[in-house]
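The values are calculated or read from the model by the stated rules, or taken from the named source; none is laboratory data. Computed from a predicted model, the values in this text were never measured in an experiment. Don't worry about glycine lacking a Cβ; one is built from the backbone with ideal geometry, like all the others, and counts go over all protein chains shown.
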Amino acid sequence: MIKRIFIPTRDGADWQHLLAKPTMHWKKGASAMTAAACWEDAHEGLPNEIGQLLSKSGVPALQGLSLLAAMPEWEVKLPGGETTSNTDILALCRNELGLGVLAVEAKVLEDFGPLVGEKRISESKNQQIRLDFLHRLLKVEHFDDSIRYQLLHRTASALLTAIDFHAATAVMLVHAFDTPADRKTDFTSFCQAMGASELAHDLFMRVGRDS
């Protein structure tokens, strides 16, 4: 478990030791190193493509966001087992309307991992506890077996972190540097399961909940 103590970085290499498998995952052209370089190049703000995307959403809370802090490999505890959900980059941002949480999942060719159905097959008591929790938190009665499990717990991480920081807005964003079209299909299927509605264009989906 990484302590909740953070230090400023000098360059992207300072991100490597935070990875679960620093040697295996830190490779040129892979998502970890690519994301680190992108965020380091942005200096004190959000990467341009992320800031521009959020501005096009039409959501006032996402306009003109200033970056307060970006934390690589942000860990969030979830019920069921000891494994945490590790968000590639957790960004705390704000504008005149208040604080927002941006949970970024970086992808370079990688898919979103196991399906929900594969997790159900495991028949692990702890896995079922976690799946039940994710359904309750995301307010979805039943996720189809074909939905990618990673999208559930990364979205949960964004929501739980927003609650911890009393942030009014939570965004789970997939930063796709070089990703096949079928990956977007996985994302769209998840958004449909969440009852999301399209905003501005098909790259941005909004989920409304009463509480």
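The single residue among Lys77, Lys107 that is under 15 Å from Ala176 (Cα atoms) and either of a type in the set (Gly, Ala, Ser) or in contact with a Ser or Thr (Cβ under 6 Å, 6 or more places away or on another chain) (or both) turns out to be Lys107.
Looking only at residues in region 59-77 that are aliphatic (A, V, I, L, M) and more than 16 Å from Ala20 (Cβ to Cβ), the one that is modelled with the lowest pLDDT is Val59. Listed by first and then second residue, the pairs linking a residue in region 146-166 that is farther than 20 Å from Ala70 by Cβ to a residue that is surrounded by fewer than 23 Cβ atoms within 10 Å (Cβ to Cβ) and among the basic types (Lys, Arg), with Cβ atoms under 6 Å apart and 6 or more places separating them unless they lie on different chains, are Tyr149/Lys119. Considering region 166-183, and only residues there that are over 14 Å from the mean Cα position of the chain (by Cα) and farther than 25 Å from Arg136 by Cα, the residue that is modelled with the highest pLDDT turns out to be Phe177.
A Cβ distance below 8 Å, combined with a sequence gap of six or more or placement on separate chains, defines the contacts here; from region 118-139, residues that are touching a residue at least 24 places away in the same chain (Cβ under 8 Å) reach residues that are among the polar types (S, T, N, Q) and surrounded by 13 or more Cβ atoms within 10 Å (Cβ to Cβ) in the pairs Lys119/Gln127; Arg120/Gln127; Arg120/Gln128; Leu138/Thr155. Taken over region 1-33, residues that are farther than 13 Å from Pro72 by Cβ and surrounded by 10 or more Cβ atoms within 10 Å (Cβ to Cβ) amount to 4.
Go through region 163-206 and tell me which strands (runs of 3 or more DSSP E), entirely inside it, have 1 or more residues that are charged (D, E, K, R) and surrounded by 12 or more Cβ atoms within 10 Å (Cβ to Cβ). Here the list reads 197-199, 201-206.
Residues in region 132-162 that are charged (D, E, K, R), surrounded by 20 or more Cβ atoms within 10 Å (Cβ to Cβ) and in a loop (DSSP other than H, G, I, E, B): none.
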